[in-house]
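Student: Below is the structure I would like to discuss, written out as structure tokens.
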Amino acid sequence: MMAKTVTLIDNQTGEKYDFPILEGTQGPDLIDIRTLYGKTGYFTFDPGYGATGACESKITYIDGDKGILQHRGYSIENLCDKSNFLEVAYLLLHGELPKQTEYAQFHAEIMESRLINEQLQFFFRGFRRDAHPMAILVGVVGALSSFYHGAFDLHSEENRLLCCRRLVAKLPTIVAMSYKYSIGQAMLYPREDYNYTDNFLYMMFGKPEHKFKMIPEVVSALDKIFILHADHEQNASTSTVRMAGSTGANPYAAVSSGISALWGPAHGGANEEVLNMLKSMGSVDDIPQYIKRAKDKDDPFRLMGFGHRVYKNFDPRANVLRQSCHEVLDALGMKEQPLLKLAMELERIALEDEYFIERKLFPNVDFYSGIILEAIGFPSYMFTPLFALARTAGWTAQWKEMHEDKTSRLCRPRQLYLGETAREYIPMEKR
Ligand code: ACO
């Protein structure tokens, strides 16, 4: 069979150029333009990289039109229903679901790595008490590189895996410590009798002098939130981790740059913004006024938790969380919580509104995760750190894949230069 190609015709010169078409196992084919500049002298222009495939990947597949999200071929609904976060982290890193012995070993290694070097605790004291925990995470996760840089060997598969496991294991500890620091409570050490997610809840909300009450529905809902945020293909923060990692940078520093990218309100900061928006609304009567503002082109306000760059029909993660949201609020006896009522009413009104229907703006994962996390007791400024904790599984898997991929290169986009052309320097006194 003849290889598929696409022909580019330069209308200025009449010259024709053939480019190969690359076929994935699912999703649209891609035009391989790696030789474009060499053959034609042109670059491509694609701000935001919306039409650019920057890498080969076998980790996550998204079909935004159909609302499909799969990790290594398993649907997100299936994983949320049957799996747990640590198993999903293993799947992302290794490509296959673990056998019992493999899971037991992975679990033991993660549990073993949850502690951080005692010295790292002193880093926290350098931050103001009111520092945003994302700022603390950027600093402290980046600082992990100073503890492990000497022994780091990018070319050893075992060493790469070790870095990934350490990051997945330590993020809950660092996130919980940043919270305890912000409220002036004692930082707690991980407990041997708890697993990944329950231990995180304990480190967040436990106190040394109290017995901690674990609520299974809460553990399960949080674990689902972690699964739902574990990876999402080449999003802004993952691309940032890949870009930083493509220089050969230390993986802890690369993940720290991903945390920075995640912080923004157009990405990981959105669920915090959802809660802030709901709280500022106050009552159901205020909803029409906010909807009006969201539609007004002269008003920068957007309905937070609605819309997605990739999902244009529905966000499959939002569907899972919608159900989970009701379960948790039931278990906590918070069904009549005013904020949830407000959120449900906002969802109903927005879904019936022409503006939102026409633009295919549906509630995204952040809309529901914000409500669940608030009900569990997380302050809204901790929402994005939780996202970072979960996404560390994806960042590390993508970073590892990049270093094992023969086609990957140093990331270095080009530009359309619109500045001044060459000119002479004029001495200051003559300007
Ligand atoms: N409220 C009101 N109008 C909106 C919203 C919104 N939340 N989102 C998009 N629109 C409108 C735009 O104004 C635009 O209208 P126009 O065609 O009349 O100009 C149209 O819908 C398309 O919007 P774009 O900005 O082109 O859509 P894009 O795909 O670039 O944006 C984004 C996606 C950034 C997520 C956007 O929908 C948004 O800002 N949503 C709110 C923030 C949010 O919830 N982010 C979380 C994303 S999920 C995640 O990161 C896990």
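Student: What are the membrane-span-like helices in the chain by this rule: whole DSSP H runs, Cα extent along the axis at least 24 Å, mean Kyte-Doolittle hydropathy at least -1.0?
Tutor: The answer, listed by residue number, is 157-183, 383-404.
Student: Let me know the volume per residue of the alpha-carbon convex hull for the chain, in Å³. Write down the numbers at each step before the final one.
Tutor: On the way: hull volume 97.4 nm³, N = 431.
Measuring per residue, one finds 226 Å³ for the Cα hull of the chain.
Student: Show me the GluC sites (Glu not before Pro) within the range 65-151 that DSSP assigns to loop and that have at most 11 other Cβ atoms within 10 Å of their Cβ.
Tutor: Answer by residue number: 96.
Student: Set the bar at 30 Å for Cα to Cα. Now go through 4/39; 99/213; 82/207; 82/170 and name every pair that lies beyond it.
Tutor: 99/213; 82/207
Student: Shifting gears a bit: Taking the convex hull of the Cα atoms, report for the range 1-44 its projected area averaged over all directions, in nm².
Tutor: 3.9 nm²
Student: Work the Kirkwood hydrodynamic radius out for the range 148-214: mean of 1/r over every pair of different alpha-carbon atoms, inverted, in Å.
Tutor: Result for the range 148-214 stands at 13.5 Å.
Student: If you don't mind, there's one more thing I want to ask. Return a whole-number percent for the relative contact order of the chain, with Cα pairs under 8 Å and 6 or more residues apart as the contact set.
Tutor: Over the chain, the number comes to 20 percent.
Student: Let a ≥ b ≥ c be the square roots of the eigenvalues of the Cα gyration tensor of the range 251-368; is it rounded (a/c under 1.5), or, if not, prolate (a/b larger than b/c) or oblate?
Tutor: Since a/c reaches 1.5 but b/c is at least a/b, the shape of the range 251-368 is classed as oblate.
Read-outs: derived from the displayed coordinates by stated rules, not from any lab. Worth saying up front: this structure is predicted, and the values here are computed from it rather than measured. Positions of Cβ are generated from backbone atoms using ideal geometry, with glycine treated the same way; all protein chains shown enter the neighbour counts.
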